[in-house]
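What follows is a short report on a single structure.
Readers should treat all values here as calculations from the given coordinates under stated rules, not as data from a laboratory. Please read all numbers here as calculations on a predicted model, not as lab measurements. Virtual Cβ from ideal backbone geometry, glycine too; neighbours counted across all protein chains shown.
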Amino acid sequence: MITFSGVSKFYGDFQVLKNIDFSARAGERIVICGPSGSGKSTLIRCINGLEAHQSGTITVDGIRLGADAASTRKVRSEVGMVFQQFNLFPHLTVIENLMLGPVRARGMSRPAARDLAMRYLNRVRIPEQAEKYPRQLSGGQQQRVAIARSLCMEPRIMLFDEPTSALDPEMINEVLDVMVELAGTGMTMIVVTHEMGFARKVADRMVFMDHGEIVEVAPPAEFFTAPKSRRCQDFLQKIL
Ligand code: ADP
Ligand code: MG
């Protein structure tokens with residue numbers, strides 16, 4: 001579903017991604033962790049063409065990214081993304097936030113978009129918040145809305161970039177629970193997080209990044225009990 005082959009990316013002279021080889025199968029759940037500044041956000045932003053890379057190739061669902069504008073658009077239509085900051089439109093109600101993409105980008109009728117939005121609000125278990133504005137919701141509820149908004153575009157792949165890092169501790173689980181359920185539907189998911197309980201529960205494979213490199217890839221059982229590299233051992237010691 002996703003293939004990186006020899007991918008490098010630079011910001012000026014600074015190499016943020018170093019010769020990345022990586023692939024994910026359809027339905028696979030990958031958790032990426034690693035120190036701050038190691039390139040995790042940059043890597044996943046490359047998957048939907050939010051960041052351009054300078055060498056190597058990235059293909060998503062058979063489409064090569066960066067080949068032309070049309071292929072980038074096609075990839076973006078298949079990839080949903082949830083950020084640390086929820087990025088909801090403050091002047092729109094929850095349901096309007098959800099309907100916006102389907103109506104504007106898909107040309108869906110408003111009644112059809114409303115039905116779709118309600119279906120996904122139910123999926124994230126906050127249908128009763130539909131007519132409220134984002135500021136009237138807790139952080140955890142806002143992040144659930146952001147997840148539902150992505151799902152309304154019916155993506156084949158969901159990317160999550162530290163989706164619980166901006167939340168108060170008591171709200172983290174209500175977001176992780178929704179993500180665990182989503183994982184159960186067979187969605188291909190790439191999740192940058194340091195929530196290791198979540199990782200153990202849903203990850204098919206763990207990826208550890210450091211200084212722009214993928215240092216280690218292993219199933220959680222192996223990753224947590226017998227990390228091979230010194231860098232990964234040190235990192236896990238700090239966060240567990
Ligand atoms: P992570 O998500 O693992 O914390 P990032 O992918 O955000 O790491 O960033 C990796 C490195 O690239 C960091 O050193 C960061 O300072 C640098 N970086 C990120 N974005 C930019 C940018 N737009 N311009 C220059 N450097 C950047
Ligand atoms: Mg980041």
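Over the range 60-164, what relative contact order in percent results from Cα pairs under 8 Å that are six or more residues apart?
Worked out over the range 60-164, it gives 42 percent.
Shape of the chain from its Cα gyration tensor (a ≥ b ≥ c, root eigenvalues): rounded if a/c is under 1.5, otherwise prolate when a/b > b/c, or oblate?
oblate
Using only helices, what value at 222 nm comes out for the chain when you add -39,500 (n - 2.57) per DSSP H run of length 4 or more and divide by the total residues, to the nearest 500 deg cm²/dmol?
Helix contribution divided over all residues of the chain: -12000 deg cm²/dmol.
In whole Å, what are the Cα extents of the range 147-190 along the three principal axes, biggest one first?
29, 17, 17
Can you work out the FRET efficiency for the pair GLU222 and GLU131, with r the C-beta to C-beta distance and R0 = 51 Å, to the nearest 0.05?
Computed FRET efficiency for GLU222 and GLU131: 0.60.
For the range 191-240, rounded, prolate or oblate, judged on the Cα gyration tensor with a ≥ b ≥ c (square roots of eigenvalues), a/c < 1.5 rounded, else prolate if a/b > b/c?
Rounded, because the longest to shortest axis ratio a/c is under 1.5.
Between ARG156 and ARG73, what is the label-point separation in nm under the 7 Å Cα-to-beta-carbon projection?
If labels sit at ARG73 and ARG156, their model points lie 1.8 nm apart.
Pop a pseudo-label 7 angstrom from the Cα along the beta-carbon direction at both SER23 and ARG106 and give the gap in nm to one decimal.
3.0 nm
Past the 27 Å Cα-Cα mark, which pairs from LYS201/LYS238; LYS74/LYS228; LYS40/LYS74?
Values: LYS201/LYS238 20 Å; LYS74/LYS228 38 Å; LYS40/LYS74 23 Å.
Over 27 Å apart, Cα to Cα: LYS74/LYS228.
Where in the chain is the longest stretch that carries no trypsin sites (Lys or Arg not before Pro) classed as loop by DSSP and with at most 16 other Cβ atoms within 10 Å?
26-105
Please label the shape of the range 1-89 as rounded, prolate or oblate, based on the square roots a ≥ b ≥ c of the eigenvalues of the alpha-carbon gyration tensor (a/c under 1.5 means rounded; beyond that, a/b larger than b/c means prolate, else oblate).
Rounded is the answer for the range 1-89, as its axis ratio a/c remains below 1.5.
Taking N as the number of residues in the range 30-76, what is its Cα Rg relative to 2.2 N^0.38 Å?
Cα-based Rg divided by the globular estimate yields 1.21.
Specify the inter-centroid distance of the range 196-226 and the range 43-85, based on alpha-carbon positions, in whole Å.
Result: 23 Å between the Cα centres.
Taking 8 Å as the Cα distance limit and 6 or more residues as the minimum spacing, I'd like the relative contact order of the chain as a percentage. Don't skip to the answer; put the middle values down first.
Details: 430 pairs, mean separation 62.8, N = 240.
Over the chain, the number comes to 26 percent.
Relative to a virtual label point 7 Å from the Cα of THR57 in the Cα→beta-carbon direction, which members of the range 1-32 show backbone nitrogen distances below 17 Å?
Residues 1-8, 19-24 qualify, since their backbone N sits under 17 Å from the label point.
Could you tell me how many degrees, from 0 to 90 and to the nearest 10, lie between the Cα long axis of helix 139-151 and the main elongation axis, the longest principal axis, of the Cα atoms of the chain?
Result, in degrees: 90.
Would you tally the net charge around ARG76, using a Cβ to Cβ cut-off of less than 12 Å, leaving ARG76 out, and scoring K and R as +1, D and E as -1? Write down the numbers at each step before the final one.
On the way: positive: ARG45, ARG73, LYS74, ARG156; negative: ASP61, GLU78.
That sum, taken over residues with Cβ under 12 Å, equals +2.
Please state the relative contact order of the range 1-114 as a whole percent: Cα pairs under 8 Å, 6+ residues apart?
Numbers: 132 pairs, mean separation 25.2, N = 114.
This gives 22 percent for the range 1-114.
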